[in-house]
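In what follows, a single structure is set out as structure tokens and then discussed.
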Amino acid sequence: MHGQAREPRQGRKAATVPTFYQCRGVPGHFIFPPIPPLSESGYQVIARKWRPQTFGDVVGQDHVVRTLRNAIARGRIAHAYLLVGPRGTGKTSIARIFAKALNCTGGPNADFDPADPAVVAIAEGSHLDVIEIDGASNNSVEQVRDLRETSRYVPAQGKYKIYIIDEVHMLSTAAFNALLKTLEEPPPHVKFMFATTEVQKVLPTILSRCQRFDLKPIPNALISGRLKAIADSEKVRVAAAALECIARLADGGMRDAQSILDQMIAFCGSEIAEADILDVYGLVSEAKVTELAAALAAQGVTAISLDQLPRTLSRTQPMDALSSQANVAGYKAALVAAAEFGRCFPMLITAAGTARPAKVLVLGAGVAGLQAIGTARRLG
């Protein structure tokens, strides 16, 4: 009718979805009920089971947590936030926690009760006013227009209608432009939370309308501590060296670390040692890399047998792949250059604690080789 707001398109479609799926064209005209969800006793991976549920659970992003908590406490809640960072650092988790704080009972409240029905509904994805959108599969202009249409309606349950758009950089240019006006002047009850791993693909006009938070790779010590707490709760004994090895493999991502721990529990059972991780992932221990680097720094290439180098490096990559990057003779030449510039090896030894051994060897030798070339050119 004229003069009345139309029902959202999403709501009209939802009313036509059948509750049973009919299989026509077969004898008996069978009717199959939908598959029930996984029971509560079903297994849930560690990365989902231990996902942060409150601000206090977030690890390694204190600058983001403090800013959001203060914004809630002081009533300075912006209409759009952009969370930027590598995978597995907590972007979507923080967006969900912020939505819980805004739409909890009696909110906004940064110290909400995790057992609050509204908070539980957001965690389960059933809250009507917290809409999570995958930017990769909802990136057209039509879908953004639907969002603009539904955003005009007041919230049904909570105080705010919150849109969480993950991988927002996947939106098309036309979709970004269609969102500009709503993002600049949204209704007072609408909040946007964007998350992306590739902020360079987001239009500057979008960036200028958001408060941006850059999430940092999580330090290895914090990852190790979190994994230790998880392992203790799961009744799994993990050696300290094994936890450090997993943290290095995760490269600053908590979700990657939890996935590796999950895989190692399946492989080892109730006890995990560093040797098990090295065996599964084909790595060389940190001690071996440090020993090699220290020997080269102290005594040059004569301190080690270069004939053993291919077998050592082959634990990190297949030799076919290695030879496509640089042959063994190239590694020997690079190590000879590195030995002549021993000042590079303190950096190499330090880097061994934060990167994969093969990468450290190549990086250290390569930098030293470049320094040798630069010195030769200056002297020439």
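Which residue out of Ala231, Ala195, Ala156, Ala136 is out of contact with any strand residue (DSSP E or B) (no Cβ under 9 Å at 6 or more places or on another chain) and either touching a residue at least 24 places away in the same chain (Cβ under 8 Å) or of a type in the set (Ser, Thr, Tyr) (or both)?
Details: Ala231 fails: out of contact with any strand residue (DSSP E or B) (no Cβ under 9 Å at 6 or more places or on another chain); Ala195 fails: out of contact with any strand residue (DSSP E or B) (no Cβ under 9 Å at 6 or more places or on another chain); Ala136 fails: out of contact with any strand residue (DSSP E or B) (no Cβ under 9 Å at 6 or more places or on another chain).
Going through Ala231, Ala195, Ala156, Ala136 in turn, just one is out of contact with any strand residue (DSSP E or B) (no Cβ under 9 Å at 6 or more places or on another chain) and either touching a residue at least 24 places away in the same chain (Cβ under 8 Å) or of a type in the set (Ser, Thr, Tyr) (or both): Ala156.
So which residues in segment 158-174 are under 17 Å from Glu198 (Cα atoms), touching an Asp or Glu at 6+ places or on another chain (Cβ under 9 Å) and not charged (D, E, K, R)? Working first, answer last.
Here is the first cut: in segment 158-174, the ones under 17 Å from Glu198 (Cα atoms) are 164-173.
The next check asks that each one be touching an Asp or Glu at 6+ places or on another chain (Cβ under 9 Å); those that pass are 164-167, 169-170.
Ile164, Ile165, His169, Met170, listed by residue number.
When the residues of segment 74-91 are filtered to those that are buried (at least 18 other Cβ atoms within 10 Å of the Cβ) and under 22 Å from Leu183 (Cα atoms), which remaining residue is farthest from the chain's Cα centre (by Cα)?
So the first thing to find is which residues in segment 74-91 are buried (at least 18 other Cβ atoms within 10 Å of the Cβ), and the list is 79-85, 88-91.
Add one more test, that the residue is under 22 Å from Leu183 (Cα atoms), and what stays is 79-85, 91.
On the way: His79: 24, Ala80: 21, Tyr81: 17, Leu82: 15, Leu83: 11, Val84: 10, Gly85: 8, Lys91: 7 Å.
Filtering segment 74-91 for residues that are buried (at least 18 other Cβ atoms within 10 Å of the Cβ) and under 22 Å from Leu183 (Cα atoms), the one farthest from the chain's Cα centre (by Cα) comes out as His79.
Does Ile277 satisfy the criteria of being β-branched (Val, Ile, Thr) and touching a strand residue (DSSP E or B) at 6+ places or on another chain (Cβ under 6 Å)? Spell out how you get there, then give the answer.
Details: β-branched (Val, Ile, Thr): yes; touching a strand residue (DSSP E or B) at 6+ places or on another chain (Cβ under 6 Å): no.
Answer is no for this residue.
I'd like to check which helices (runs of 4 or more DSSP H) are fully inside segment 185-256 and have at least 1 residues that are closer than 12 Å to Leu82 by Cβ. Outline the logic, then answer.
Working: elements: 204-207, 220-233, 240-250.
Ranges flagged: 204-207.
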Selection from segment 122-159 of residues that are over 15 Å from Ile94 (Cα atoms) and touching a Gly at 6+ places or on another chain (Cβ under 9 Å): His127, Leu128, Asp129, Thr150, Gly158, Lys159
Taking the condition crowded, with 17+ Cβ neighbours inside 10 Å, out of contact with any Lys or Arg (no Cβ under 6 Å at 6 or more places or on another chain) and modelled with pLDDT under 95, does Gly252 pass? yes
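For residues that are in a helix (DSSP H, G or I) and among the aliphatic types (A, V, I, L, M), scanning just segment 169-184, find the one that is surrounded by the most Cβ atoms within 10 Å (Cβ to Cβ).
Initial filter on segment 169-184 (in a helix (DSSP H, G or I)): 169-170, 173-184.
Cutting the leftovers down to among the aliphatic types (A, V, I, L, M) gives us 170, 174-175, 178-180, 183.
Details: Met170: 18, Ala174: 13, Ala175: 20, Ala178: 20, Leu179: 26, Leu180: 14, Leu183: 20.
In this case the residue turns out to be Leu179.
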Qualifying residues in segment 185-218 (those that are surrounded by 14 or more Cβ atoms within 10 Å (Cβ to Cβ) and hydroxyl-bearing (Ser, Thr, Tyr)) - the one nearest to Ala175 (Cα to Cα): Thr196
Elements of type helices (runs of 4 or more DSSP H) contained in segment 63-162, each with 1 or more residues being under 21 Å from Lys49 (Cβ atoms) and not β-branched (Val, Ile, Thr): 91-103, 117-124
What are the residue pairs meeting all of these: first residue in segment 264-293, first residue more than 14 Å from Leu249 (Cβ to Cβ), second residue assigned to a helix (DSSP H, G or I) and of a type in the set (Gly, Ala, Ser), Cβ atoms under 6 Å, and 6 or more apart or on different chains? Ala273/Ala242
Please determine whether any residue of segment 128-136 is touching a His at 6+ places or on another chain (Cβ under 7 Å), over 14 Å from His79 (Cα atoms) and crowded, with 21+ Cβ neighbours inside 10 Å. no
Out of (1) surrounded by 15 or more Cβ atoms within 10 Å (Cβ to Cβ); (2) farther than 18 Å from Glu274 by Cβ; (3) over 20 Å from the mean Cα position of the chain (by Cα); (4) not polar (S, T, N, Q), the one Ala239 does not meet is (2)
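The values are calculated or read from the model by the stated rules, or taken from the named source; none is laboratory data. These figures come from a predicted structure and were not determined experimentally. Cβ coordinates were reconstructed from backbone atoms using ideal geometry, including for glycine residues, and neighbour counts include every protein chain displayed.
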